[in-house]
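Below is one structure, written out as structure tokens; the observations come after it.
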Amino acid sequence: MTIMDASGIAHRGRRADPQRRAERQSTALLLTPALLFLGLMSVWPFAYLLYASFTSYQLAVPIPIEWVGFGNFIKLMQTARFWSSLSITLVFALISVPLQLGLGLALAVLINGASRGREIYASLFLIPMMLAPVVVGFSWNLFLNPIYGPLNSALRGMGFQPPAWAQSPDWALPTLVLVDIWQWTPLVMVILLAGLRSIPHRVFEAARTDGSTTGQTFRHIVLPMLAPYLTVAFVLRFIDSFKVFDTIYILTRGGPGTSTQNLAYYTYDMGFSRFEFGTAGALSIIQLILLVVGTTVILGLAKRRQGQEGTR
């Protein structure tokens with residue numbers, strides 16, 4: 001009886017192996033076209049971009065494309081324009097993203113505390129995020145026009161001497177930061193509002209029972225529980241801040257001079273104005289490396305902080 005049972009189990013195992021093998025083959029057969037399509041649509045263009053960054057690819061000059069190794073990267077590192085674009089990109093990200101997090105958190109707390117109409121308020125704040133960047137740039141271009149814009153007219157009516165905003169070398173970058181904050185703070189607000197709504201109400205009741213003040217509850221309970229959401233919002237906005245192009249193109253075209261020319265606009269200028277595709281490819285790879293390193297550092301710090309919070 002025991003032998004028959006053991007034999008039966010072994011027999012069923014031998015029957016199952018060909019069946020599983022057939023299932024794996026069918027799955028691989030079904031996934032192969034999708035994987036090939038993804039490879040063609042994503043990996044191949046990136047591989048060609050990587051190849052172009054190591055060549056002397058210039059569309060405007062009819063010379064054979066030559067392999068130059070790290071020549072494009074070295075040439076970029078030796079230009080003041082590259083370091084200026086990099087510093088503008090970093091300043092833009094390090095000012096706009098923290099401000100968006102602060103304002104988004106304040107809006108999320110306010111909306112979460114509303115007794116009614118919470119969804120309506122959230123929808124109204126989302127309107128800037130629904131607009132295309134070109135529409136946002138055009139709207140702010142009209143609003144901040146130094147001569148005909150309503151903002152400067154109002155400031156002059158109150159006796160102030162308004163700046164030229166996007167046309168001023170000193171105010172162009174702060175203007176772009178302002179527009180970016182206006183458009184993308186709602187995204188941060190939505191992410192943090194979802195985090196606030198996920199905190200069980202009994203947590204606040206327990207804190208109130210223990211005599212915790214509103215400020216203590218927010219600092220020691222709400223903020224630690226919102227940490228994963230803050231990290232997600234920071235990473236998403238940090239990546240997007242490196243890719244800002246549409247608003248800059250509409251509002252300043254990288255000027256006055258090069259005062260608002262970030263890495264994305266510099267890449268566009270090298271690729272589609274000067275047709276130096278090899279240099280533009282090298283700039284793209286540098287931006288990708290910076291984003292990967294920056295994102296890894298941010299996530300690593302967030303994970304380390306969560307680990308420290310867990311050990312307390």
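Things to note:
- Residue check: Thr267 meets all listed conditions (1) open to solvent by 60 Å² or more (accessible area, probe 1.4 Å); (2) free of Cβ contacts under 8 Å to residues at least 60 places away in the same chain but one, namely (1).
- For Ala227, the criteria (1) under 30 Å from Pro146 (Cα atoms); (2) surrounded by fewer than 17 Cβ atoms within 10 Å (Cβ to Cβ); (3) among the small types (Gly, Ala, Ser) hold in every case but one, which is (1).
- Among the residues of the stretch 227-240, those identified as in contact (Cβ under 8 Å) with a residue 60 or more places away in the chain and not β-branched (Val, Ile, Thr) are Ala227, Pro228, Leu230, Ala233, Phe234, Arg237, Phe238.
- Here the helices (runs of 4 or more DSSP H) wholly within the stretch 166-285 that include at least 1 residues being within 29 Å of Tyr57 (Cβ to Cβ) are 223-242, 246-251, 263-268.
- Among residues of the stretch 245-255, those that are at negative phi and either touching a helix residue (DSSP H, G or I) at 6+ places or on another chain (Cβ under 6 Å) or free of Cβ contacts under 8 Å to residues at least 24 places away in the same chain (or both), counted: 7
- Within the stretch 133-182, the set of residues being touching a residue at least 60 places away in the same chain (Cβ under 8 Å), open to solvent by less than 30 Å² (accessible area, probe 1.4 Å) and polar (S, T, N, Q) comprises Ser168, Thr175.
- The numbered conditions (1) touching a helix residue (DSSP H, G or I) at 6+ places or on another chain (Cβ under 7 Å); (2) more than 18 Å from Leu230 (Cβ to Cβ); (3) part of a helix (DSSP H, G or I) are all true for Leu107 except (2).
- Those residues of the stretch 61-113 which are of a type outside the set (Val, Ile, Thr), open to solvent by 70 Å² or more (accessible area, probe 1.4 Å) and touching a residue at least 40 places away in the same chain (Cβ under 8 Å), in sequence order: Lys75, Leu99, Leu103
- Condition broken by Thr296, with the remaining ones in (1) open to solvent by less than 80 Å² (accessible area, probe 1.4 Å); (2) of a type in the set (Val, Ile, Thr); (3) farther than 30 Å from Pro146 by Cβ satisfied: (1)
- Failed item, numbered, when Gln25 is tested on (1) more than 30 Å from Thr279 (Cβ to Cβ); (2) at pLDDT below 85: (2)
The values are calculated or read from the model by the stated rules, or taken from the named source; none is laboratory data. In this text, all values refer to a predicted model and were calculated from it rather than measured experimentally. All Cβ positions, glycine included, derive from the backbone under ideal geometry; neighbour counts span all protein chains shown. Surface accessibility is based on the protein's heavy atoms, side chains included, excluding ligands, DNA and RNA. Shrake-Rupley method; radii C 1.70, N 1.55, O 1.52, S 1.80 Å.
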